[in-house]
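Structure record follows, encoded as structure tokens.
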Amino acid sequence: MSMNLILQGLHVERAAIDRVAALADATRIITMETGTATQAFRCEGVACTSAVRAVVDAACQAAQLDGSFVEAGTRLTDFKLLVMDMDSTLITIECIDEIADMQGLKSEVAAITEAAMRGELAFRDSLTRRVALLKGLDASALQRVYDERLQLSQGAETLLVAVRAAGLKTVLVSGGFTFFTDKLQQRLGLDVTLANRLEINHGKLTGKLVGEIVDAEEKKRTVERESAALGCKPGAAIVMGDGANDLQMMAVAGLSVAFRAKPVVRAQATVALNVVGLDGVLNLFA
């Protein structure tokens, strides 16, 4: 199996590309046309042992590059669906942390969020604890978070335009909240969204959720369910996430992308993007 090493960055020195390519014994380096601020290079015929990966990863970190090993000839059209996490993946914030800020509890809630994303706390329990802290908050805080703080991650819209043009189904599955996934579905034209529903009574958050919790297992089932609906296996999915609750759905995917992710996620993903935007995924393909 022939492998390529895709090197990407925002302010790239060609000497750094040459050094990293040499570490992987690349036979040829091709400058890729990205049409964006991202600079990308395809290093062909590379060695892909665990030892090579380790030295390449270290060199890429030192040079502020994203380095991804991919099978030569892989195309975006080889896949049938793109499944994305929302918080800190499709968007730059953790919505629950920003909602908690309206309650004066951001630091307390954010600490629980971080521990859960690192895999130190069970997601289901951590979510229940965090939502309980929101009890009594005016529901208008949700709209304020959306209007004032929610931003798409760099390259999100470029990625979505390209995957739709390639015929992929777009799925947003989140341990966050339907208030935000519903708005993003309408804004971005996403095919399917799934998230947790906050209970609201008389205009106030009750500190509870309505219905089943979307946890790691449900995220994995979503990938399997949406794949089956297209008549394909989960291996036809590209899955993107950043936290430990994304690992199960990433494990069944054909290509898993750790985006600005926690170390436990980067270690298990097919590729990791820490420097470039979400549209860096597009440069992985021939």
Exercise for the section: Could you please let me know if residue 212 is on the phi < 0 side of the Ramachandran plot, charged (D, E, K, R) and in a helix (DSSP H, G or I)? Expected result: no
Problem - Members of the stretch 198-209 that are out of contact with any Phe, Trp or Tyr (no Cβ under 7 Å at 6 or more places or on another chain) and in a strand (DSSP E or B) - result: 199, 200, 201, 204, 205, 206, 207, 208, 209
Practice task
Assess whether residue 125 counts as being acidic (Asp, Glu) and modelled with pLDDT of 95 or more.
Solution key: no
Fill in the blank from the handout: Going through the stretch 215-238 in order, the residues found to be under 16 Å from the mean Cα position of the chain (by Cα), small (Gly, Ala, Ser) and outside any strand (DSSP E or B) are 216
Problem - Considering residues of the stretch 198-231 that are among the β-branched types (Val, Ile, Thr) and touching a residue at least 24 places away in the same chain (Cβ under 8 Å) only, the residue farthest from residue 82 (Cα to Cα) - result: 206
Problem - Cross-chain or 6+ apart pairs with Cβ under 7 Å, the stretch 108-124 first and among the hydroxyl-bearing types (Ser, Thr, Tyr), then part of a helix (DSSP H, G or I) - result: 113/96; 113/97; 113/130
Practice task
Test residue 24 against the criterion of being crowded, with 20+ Cβ neighbours inside 10 Å, closer than 13 Å to residue 282 by Cα and either among the acidic types (Asp, Glu) or touching a strand residue (DSSP E or B) at 6+ places or on another chain (Cβ under 9 Å) (or both), and give yes or no.
Solution key: no
Problem - Odd one out for residue 89, checked against (1) in a helix (DSSP H, G or I); (2) exposed (fewer than 15 other Cβ atoms within 10 Å of the Cβ) - result: (2)
Practice task
Scan the stretch 112-132 for residues that are part of a helix (DSSP H, G or I) and either basic (Lys, Arg) or in contact with a Phe, Trp or Tyr (Cβ under 6 Å, 6 or more places away or on another chain) (or both) and jot them down.
Solution key: 116, 124, 129, 130
Completion exercise
Counting only residues in the stretch 200-250 that are among the aliphatic types (A, V, I, L, M) and out of contact with any strand residue (DSSP E or B) (no Cβ under 9 Å at 6 or more places or on another chain), the one surrounded by the most Cβ atoms within 10 Å (Cβ to Cβ) is identified as 244
Practice task
Scan 148, 157 and give me the residue that is under 18 Å from the mean Cα position of the chain (by Cα), acidic (Asp, Glu), at pLDDT 95 or above and surrounded by fewer than 21 Cβ atoms within 10 Å (Cβ to Cβ).
Solution key: 157
Exercise for the section: Return the pairs, sorted by first residue and then second, in which the second residue is of a type outside the set (Val, Ile, Thr) and buried (at least 24 other Cβ atoms within 10 Å of the Cβ), the first residue lies in the stretch 232-248 and is without any contact (Cβ under 8 Å) to a residue 60 or more places away in the chain, the beta carbons are less than 7 Å apart, and the residues are 6+ apart or on different chains. Expected result: 234/253; 248/219
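A quick yes/no check of all residues on (1) outside any loop (DSSP other than H, G, I, E, B); (2) among the small types (Gly, Ala, Ser); (3) surrounded by fewer than 18 Cβ atoms within 10 Å (Cβ to Cβ):
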site: 5; (1), (2), (3): yes, no, no
site: 42; (1), (2), (3): yes, no, no
site: 58; (1), (2), (3): yes, yes, yes
site: 77; (1), (2), (3): yes, no, yes
site: 96; (1), (2), (3): yes, no, no
site: 103; (1), (2), (3): no, no, yes
Exercise for the section: Looking only at the stretch 68-86, decide whether some residue is modelled with pLDDT of 95 or more and closer than 14 Å to residue 177 by Cβ. Expected result: yes
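The values are calculated or read from the model by the stated rules, or taken from the named source; none is laboratory data. Everything numeric in this text was worked out from a predicted model, so none of it was measured. For neighbour counting, all protein chains shown are included, and Cβ atoms are generated from backbone atoms with ideal geometry for every residue, glycine included.
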